[in-house]
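Inspection log for the structure reproduced underneath, given as structure tokens.
The values are calculated or read from the model by the stated rules, or taken from the named source; none is laboratory data. Being a predicted model, the structure only gives us computed values, none of them experimental. In this analysis, Cβ positions are derived from the backbone assuming ideal geometry, glycine residues included, and neighbour counts consider all displayed protein chains. Each accessible area value is taken on the protein alone, full model and side chains, heavy atoms only, with ligands, DNA and RNA left out. Shrake-Rupley method; radii C 1.70, N 1.55, O 1.52, S 1.80 Å.
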Amino acid sequence: MKTFNWATLGCGVIANQLAQALQAQGRNLYSVANRTHEKAIEFAKKYNIEKVYDSIDEVFEDEKVDIIYISTPHNTHIQYLRKALKAKKHVLCEKSITLNDKELEEAIQLAKENDVILAEAMTIYHMPIYRELKNKACQLGDLKMIQTNFGSYKEYNMNNRFFNPNLAGGALLDIGVYSLSLMRYFMSSCPDQILSQVKMAPSGVDEQVGILLTNPDGQMATITLTLH
């Protein structure tokens with residue numbers, strides 16, 4: 001069986017979890033790239049990683065890299081996706097994969113043009129509990145309505161990444177993508193009607209959100225989100 005060389009772009013909390021998951025399978029990350037070189041060196045020592053790049057762009061040029069895992073702040077994703085996909089690297093990108101549908105369509109097109117896999121690290125699609133819930137729901141009859149509430153307490157600091165608009169902060173991009181993915185997982189078709197209400201934080205990002213969605217099959221979903 002072919003083995004693949006994984007590179008991580010970013011070495012934060014989630015990158016640590018990836019390195020640990022690979023080690024649990026008796027493997028290691030091949031390489032690490034990070035904006036702060038010193039952190040990349042520390043990360044490599046911690047997980048016995050073979051290669052550390054002096055600059056981020058080197059990871060895209062390395063012919064030994066098969067897959068790049070991107071876990072940098074999501075406002076940076078599209079710039080790295082462009083480089084990785086054009087370099088014909090498979091990509092696993094943390095959520096939110098992009099900031100909007102225009103960026104996502106561009107990334108998907110690049111993946112198609114270069115014949116590589118592009119995937120978002122949306123955990124719920126791979127958790128057995130959600131598959132079991134879907135099976136149970138189907139046994140109960142036709143789905144009519146989904147209600148999803150997601151609250152996550154964040155330190156009320158307008159400079160941290162959760163509230164900073166320059167780092168694509170806000171409830172929708174941080175936790176809302178989970179609720180929307182869950183809703184879409186259960187719905188039989190994509191919603192075509194959307195209503196929303198938003199409470200803004202002092203920084204201008206959304207700290208509380210209410211969303212009502214309806215699809216062509218008449219299924220409805222209500223989603224509430226809060227960071228505070």
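I'd like to know if segment 113-120 contains one or more residues that are modelled with pLDDT under 95 and open to solvent by less than 90 Å² (accessible area, probe 1.4 Å).
no
How many residues does segment 109-160 contain that are among the basic types (Lys, Arg) and closer than 30 Å to residue 78 by Cβ?
Final tally of qualifying residues: 2.
Here is a list: 104, 92, 22, 29. Which entry is of a type in the set (A, V, I, L, M) and within 23 Å of residue 166 (Cα to Cα)?
Among 104, 92, 22, 29, only 104 is of a type in the set (A, V, I, L, M) and within 23 Å of residue 166 (Cα to Cα).
Taking the condition of being polar (S, T, N, Q), in contact with a helix residue (DSSP H, G or I) (Cβ under 9 Å, 6 or more places away or on another chain) and in contact (Cβ under 8 Å) with a residue 40 or more places away in the chain, how many residues in segment 1-55 meet it?
1
Of the residues 102, 88, 45, 83, which is of a type in the set (Lys, Arg) and part of a loop (DSSP other than H, G, I, E, B)?
Matching residue, one of 102, 88, 45, 83: 88.
Which strands (runs of 3 or more DSSP E) does segment 124-220 wholly contain that include 1 or more residues that are loosely packed, with under 13 Cβ neighbours inside 10 Å?
Of the strands (runs of 3 or more DSSP E) lying wholly inside segment 124-220, those with at least 1 residues that are loosely packed, with under 13 Cβ neighbours inside 10 Å span 145-151, 193-200.
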